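Enquirer: This is the structure I have questions about; it appears just below.
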Amino acid sequence: MISEHATTILFRTIQIEQTAKIAIFIICGLLIIFFYIHDRIQKEHAILRNYPLIGHFRYIFESMRDYVQQYFITNDREELPFNRAVRSWVYRAAKNVENVVGFGSTRDFTKPGTLVFTDAPFPPIGREAVAAKPITIGPYCRTPYIAKTFFNISAMSYGALSKAAILALSNGARMAGCWLNTGEGGISPYHLEGGADIVAQIGTAKYGYRDLDGNLDDTRLKNYGDNPQIKMFEIKLSQGAKPGKGGLLPAAKVTPEIAEIRGIAPYKDSVSPNRHEDISNVTELLNVINRVRDVTGKPTGFKAVFGSYEWLDDLFNEILKRGIESAPDFITLDSKDGGTGAAPMVLVDHVGLPIRDSLPVLVNMLVQYGLKERIKVIVSGKLATPSYVAWGLCMGADFVNCARGFLFALGCIQAMRCHLNTCPTGITTHNPRLVSGLDPKNKAIRVYHYATNMVHEIGILCHSVGVLDPRELNRTHARVLTTSGHFVSLADLFPLPEKS
Ligand SMILES: Cc1cc2nc3c(=O)[nH]c(=O)nc-3n(C[C@H](O)[C@H](O)[C@H](O)COP(=O)(O)O)c2cc1C
């Protein structure tokens, strides 16, 4: 028989066990509630705001990555469109944390196409560094634009991007002194709110600049031209990811506000024509450029991806015939492998030329026609890290535009859902729950750090190759590994022509 004392002890033990279980249960519950609330209200990580608690798994897996990648995961340089090494550089630059690596490079220096820069035997001392000189665009128009920095934000419309993303970009751009291109969806109040310099893009549907019949409207153009914040106008002929196809904003992303800004019906696909109705040859292109410039008084140029070059001969000959004042003030050259909010795969994968081919050809043709000083070259396409931005400058570009690098600065995790309205980081969606995860103030600071650290690190590269100002970079400063097994100077691969 069990004694009464033993029964009491057993009973007490069971009671203590139960109390302990309840206490543990309550503590766990409180911890879960605490972390849930913490995740929802913190402003650093959109993923945690949008996916409280479970979002931590992303960061846990990320921190374990270095230890397990050799067993399961692709290496740092394999992922596309942007590999891990590039994304990590941008994330660190945007967070303004130390951007150094240990042990050595993970690049494969035996792969043809590998880019290196030619270091100077006696580089200048760091304290001699000078900032890149500002450049004047549009010397013949009523209000030329003095562009402060060579690294700027490429076209992405309000529509493709959320309100919070545009606000972060416009504020970050103002702080960094760079321009923000509106993309083809017209000028939204959020583009203007941050106070950045604005490049207003006129797409094939002319959203924001059209009359009721869809034609270019001079009154609207003039109103925008009178706004001192709007510095330049860019006529979009084509975009690298979808040459020959106009913009596409899926119905789910055409909110009533976006429809209002664009002058279209809400919640219906917004499909721009594949070409400007009024631009079917180089003569008409110059006519429209000159009309926009005359009406607005601001520098005007065009954006395109090149698939062939013959038409540029026609364009440059026509400019020389009319006089150099008639020239576009700039050409924005986009790369085949550029990004998009939404585009058909056949175009994304197969049409147009990458800038490693088209940029040297464009620059050489401008030199040959004596137009290089007159027409500024802006280039975009996967130029998101200092080495590739420097490559663009070496090749002869005056400015580099970047779109997806700035999306990484906003916290993009390359989920590839820009066309679905379900972007987990609140950047390319209008789902209020997801957008609420993106804190515009916090991300504006990241945009600022990304842009300024980019310029800073290009300064470091410049010293290494022996120049003081990034604008002094030229083709002799970089080499590419060819199939011959030798690193050949860009100056030898793409020699500059004589002016004809
Ligand atoms: C989400 C998104 C939206 C875009 N919208 C436009 C646009 O409206 N107009 C345009 O000319 N280019 C647009 N682009 C293309 C970019 O401006 C840029 O030319 C291209 O992505 C190459 O730059 P990147 O490699 O730095 O992204 C868009 C790109 C992305 C990722």
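The values are calculated or read from the model by the stated rules, or taken from the named source; none is laboratory data. As the structure is a computational prediction, the values presented were derived from the model and not from experiment. Here the Cβ is made from the backbone with ideal geometry for all residues, glycine too, and neighbour counts use every protein chain on show. Please note that ligands, DNA and RNA were not included when accessible areas were found on the heavy atoms of the full protein model with its side chains. Shrake-Rupley method; radii C 1.70, N 1.55, O 1.52, S 1.80 Å.
Enquirer: Points 7 angstrom from Cα along the Cβ direction at K268 and T483: gap in nanometres?
Expert: 5.2
Enquirer: What whole-number value in cubic angstrom gives the convex hull volume per residue for the C-alpha atoms of the chain?
Expert: Convex hull of Cα atoms, per residue: 197 Å³.
Enquirer: Among the listed pairs K236/K298; K111/K382; K236/K499; K95/K336; K253/K443, which are separated by more than 26 Å between their Cα atoms?
Expert: Where the Cα-Cα span goes over 26 Å, the pairs concerned are K236/K499; K95/K336.
Enquirer: For the pair F57 and A6, what calculated FRET efficiency results from E = 1/(1 + (r/R0)^6), where r is the Cβ-Cβ distance and R0 = 56 Å, to the nearest 0.05?
Expert: It comes to 0.70.
Enquirer: Sticking with this one: Would you mind calculating the gained length between L493 and V116 on full extension (0.36 nm times residue separation, minus the Cα-Cα distance), in nm to one decimal?
Expert: 134.3 nm
Enquirer: Taking 41 Å as R0, compute the FRET efficiency from the Cβ-Cβ separation of K441 and R275 and round it to 0.05.
Expert: Rounded to the nearest 0.05, the efficiency is 0.55.
Enquirer: Report, to the nearest whole %, how much of the accessible area of the chain belongs to carbon and sulfur atoms, 1.4 Å probe, protein only. Walk me through the numbers on the way to the answer.
Expert: Numbers: 14130 of 23640 Å².
Answer for the chain is 60 percent, counting heavy atoms of protein chains only.
Enquirer: Taking only Cα atoms, what is the 0 to 90° angle, nearest 10, from helix 282-296's long axis to the longest principal axis of the chain?
Expert: 70
Enquirer: Suppose all protein chains stay in the model; what accessible area per residue would a 1.4 Å probe give for the chain, in Å²?
Expert: Value returned for the chain: 47 Å² of accessible area per residue.
Enquirer: May I ask you to derive the relative contact order of the chain, considering only C-alpha pairs under 8 Å and at least 6 residues apart, and to give it as an integer percent?
Expert: Values: 967 pairs, mean separation 104.4, N = 500.
Computed value for the chain: 21 percent relative contact order.
Enquirer: Okay, moving on. Spelling out what I want: for every residue of the stretch 311-326, take phi, set θ = phi - 60°, compute 6.51 cos²θ - 1.76 cosθ + 1.60 (Karplus), and round to whole Hz; glycine and proline get x.
Expert: 5, 5, 4, 4, 4, 5, 5, 5, 5, 5, 5, 7, x, 5, 4, 6
Enquirer: Over the stretch 237-337, what is the relative contact order in percent, taking alpha-carbon pairs closer than 8 angstrom and at least six residues apart?
Expert: Rounded, it is 32 percent for the stretch 237-337.
Enquirer: Taking only DSSP H segments of four or more residues, each worth -39500 (n - 2.57), what value at 222 nm results for the chain once the sum is divided by all its residues, to the nearest 500 deg cm²/dmol?
Expert: -12500 deg cm²/dmol
Enquirer: Can you compute the FRET efficiency between V130 and E318 using 1/(1 + (r/R0)^6), with r the Cβ-Cβ distance and R0 = 45 Å? Round to the nearest 0.05.
Expert: 0.70
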